Amino acid sequence: MLSGDQVVIELRGVRKRYTRDIVALEEANLSIPKGEFVFLTGPSGAGKSTLLRMLYKAEEPTKGSIIIDGVDLSSLSKSQIPQLRRKVGVIFQDFKLLYNKTVFENVALSLEVIGLKKSQLATRVRQVVEGVGLADKLHRKVVQLSGGEQQRVAIARAVVNRPPIILADEPTGNLDRKRTTEVVALMEELNARGATIIFATHDDALFENTHRRVLQLRDGKIEEF
Amino acid sequence: MPLGIIFKRALRDIRQNLVTHVMTTIVVALTCLVFIFFSVFSINLQRVADRFGKELAIVVYVKKDLAQEKIPTLYQKIVSMDGIENVKFVSSEEAFKRLEGYFKDEKEILEGVDPLFLPPSFEIQINKAVYNPGRVRSIASALSKWPEVQKVQYGKEWVDRLESFSEAVRAAVIASAVLLLVMAAFVVSNTIKLTVYARQDEIEIMRLVGATNGFIQGPFLLASFFQGVSGSLAALVVGLFCYEYVLNIIGQTGLIRSLHLQFLPPFYMVIIVLVSGIFCMAGTAMALRRFLKL
Ligand SMILES: Nc1ncnc2c1ncn2[C@@H]1O[C@H](COP(=O)(O)OP(=O)(O)OP(=O)(O)O)[C@@H](O)[C@H]1O
Ligand SMILES: [Mg+2]
């Protein structure tokens, strides 16, 4: 099940307050070994997105430390952040797509930033877009797609550069049962190939019968079961 | 930094934001155009001033009763003065012939007039390299004190007026260039700021997927360099066209033609294009720096 015991994601006493009264996380401790696939759940507003955002340094913890792949994020300089983000593929809850650009252009962005050659880039993008079932819409503008289709574009962009860590923030929120199952299967496959995955969702059905670890956010703390 | 990708992204950015790009380019072009107009005016005024300066001659009328033998001595005396380029003796007869030339068909007017009634004179050309109005004045006043000299004439008012006008124009050009530079900096950086703000989401997304600052900035910088270069080129083309047009209307007279007016020298044009490109790029770099909090 676990392909190693090297810890790739670690939170030590992490607190996050946006303001004095808005407390997202109070005291979060977490340790995820390389190659694990965990579910992150909790009611709306529990702090799931906040936790994930801190893992790719889009948000700084108010207190405590976060260690990714052995590197304390507080020690990262601004110029080192891109390297971190290339290692961490994020499926954003709000997609963060470029709506006036095509599916191809959106997905290709992750590969362009690492300077992949055009020939390789096109093949990789096509493969991944096919994998999320959008092969026939490759050159459509994202704005012309349905919510579920857009979500799958977001998934394709997050995984196309084969990042060792994948953070999925509610990646099935807009999908029907069949597509949800497909996305979960895709995540399983990526995990089987070695990716460490945090899958945030409040769809209990997804982890009802799972053997995976389920982390529950409650009152600013992480509970496991 | 993969230059090929940056270049392609810049081209794609321009294509996809064509309207904003064209607008910025037009702003750049208009700014350059104003500057070009001023420059053409100033450069040609300078040319005209130089030309008149070159042709300005001092005419020294010799006293009629001066013995013929003294002419060569006087000639030598004038030639040995500082800053004299060329001295030509015009005898009374020659002066009369010239007068006849002016009247051409109405020579009768001069009938009965003594061909020697005009005083002989020296036409003195001032060395162009040392030319300045003060110089002409001092040479003229020195000459007028000589006993052999009856009268000295030179284009005093002309020189003085042209000189002060030329100076005023040059000051205006410099002042307007500074003003224009400030205005252009303001407009260009604001246009760029608008572009950057309009694409805030895109920049944010690029950062989230691991783009370096260089990767994000590169296409912006390249695109604004294009804008600067194409805007100034367009301004040069329009400026040249207007120049030719105006010259066609006013340039028919011999006087204008004799001035040998010209558009900007090629070197000057190259400088305008390069400075415009670099200037736009620097403005973009500053706007991005603030926006990306580098
Ligand atoms: N940028 C922000 N500024 C201030 N408060 C914020 C900000 N982002 C989130 N919050 C607050 O932090 C808390 C946690 O928000 P977060 O988005 O992490 O919850 P979540 O678990 O992802 O919820 P959901 O399931 O609805 O996505 C909420 O109370 C929210 O209002
Ligand atoms: Mg959320």
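The values are calculated or read from the model by the stated rules, or taken from the named source; none is laboratory data. As the structure is a computational prediction, the values presented were derived from the model and not from experiment. Heads up, the Cβs are rebuilt from the backbone with ideal geometry, glycines too, and the neighbour counts pull from every protein chain shown. Accessible surface areas use protein heavy atoms only, side chains included; no ligands, DNA or RNA. Shrake-Rupley method; radii C 1.70, N 1.55, O 1.52, S 1.80 Å.
Being free of Cβ contacts under 8 Å to residues at least 40 places away in the same chain and not in a helix (DSSP H, G or I) is the filter; apply it to region A:34-63 and report the residue that is nearest to residue A:216 (Cα to Cα).
Looking at the filtered set, the residue picked out is A:45.
Would you check which residues across region A:183-205 are buried (at least 18 other Cβ atoms within 10 Å of the Cβ) and either at pLDDT below 90 or on the phi > 0 side of the Ramachandran plot (or both) and list them?
Residues satisfying the conditions are A:183, A:186.
For region A:147-171, give me the residue count where each residue is within 21 Å of residue A:207 (Cα to Cα), within 16 Å of ligand 1 (Cβ to nearest atom) and open to solvent by 10 Å² or more (accessible area, probe 1.4 Å).
Qualifying residue count for the region: 2.
Has region A:55-69 got at least one residue that is open to solvent by 40 Å² or more (accessible area, probe 1.4 Å), within 30 Å of residue A:189 (Cβ to Cβ), within 14 Å of chain B (Cβ to nearest Cβ) and within 15 Å of ligand 2 (Cβ to nearest atom)?
Yes, that holds for at least one residue.
Looking only at residues that are more than 11 Å from chain B (Cβ to nearest Cβ) and not β-branched (Val, Ile, Thr) in region A:95-125, which one is least open to solvent (accessible area, probe 1.4 Å)?
Among those that are more than 11 Å from chain B (Cβ to nearest Cβ) and not β-branched (Val, Ile, Thr), it is A:122.
Suppose the filter is among the polar types (S, T, N, Q) and either open to solvent by less than 30 Å² (accessible area, probe 1.4 Å) or within 16 Å of ligand 2 (Cβ to nearest atom) (or both); does residue A:19 pass it?
no
In region A:126-151, what count of residues is obtained for those that are farther than 13 Å from residue A:161 by Cβ and either aliphatic (A, V, I, L, M) or within 13 Å of another protein chain (Cβ to nearest Cβ) (or both)?
Matching residues across region A:126-151 total 9.
Any idea which of B:274, B:247, B:194 is under 24 Å from the mean Cα position of the chain (by Cα), at pLDDT below 90 and not in a loop (DSSP other than H, G, I, E, B)?
Every option except B:247 fails the conditions.
Within the set of pairs 6 or more residues apart or between chains, which connect a residue that is of a type in the set (A, V, I, L, M) inside region A:208-221 to a residue that is assigned to a strand (DSSP E or B) and open to solvent by 100 Å² or more (accessible area, probe 1.4 Å) with Cβ atoms less than 6 Å apart?
A:215/A:224
Being within 10 Å of another protein chain (Cβ to nearest Cβ) and not in a helix (DSSP H, G or I) is the filter; apply it to region A:76-94 and report the residue that is surrounded by the fewest Cβ atoms within 10 Å (Cβ to Cβ).
This residue is A:92.
Which ones in region B:4-23 are open to solvent by 50 Å² or more (accessible area, probe 1.4 Å) and more than 10 Å from chain A (Cβ to nearest Cβ)?
B:7, B:11, B:15, B:18, B:19, B:20, B:22, B:23
Out of the residues in region A:37-54 that are open to solvent by 20 Å² or more (accessible area, probe 1.4 Å) and within 14 Å of another protein chain (Cβ to nearest Cβ), state the one that is farthest from ligand 2 (Cβ to nearest atom).
A:53
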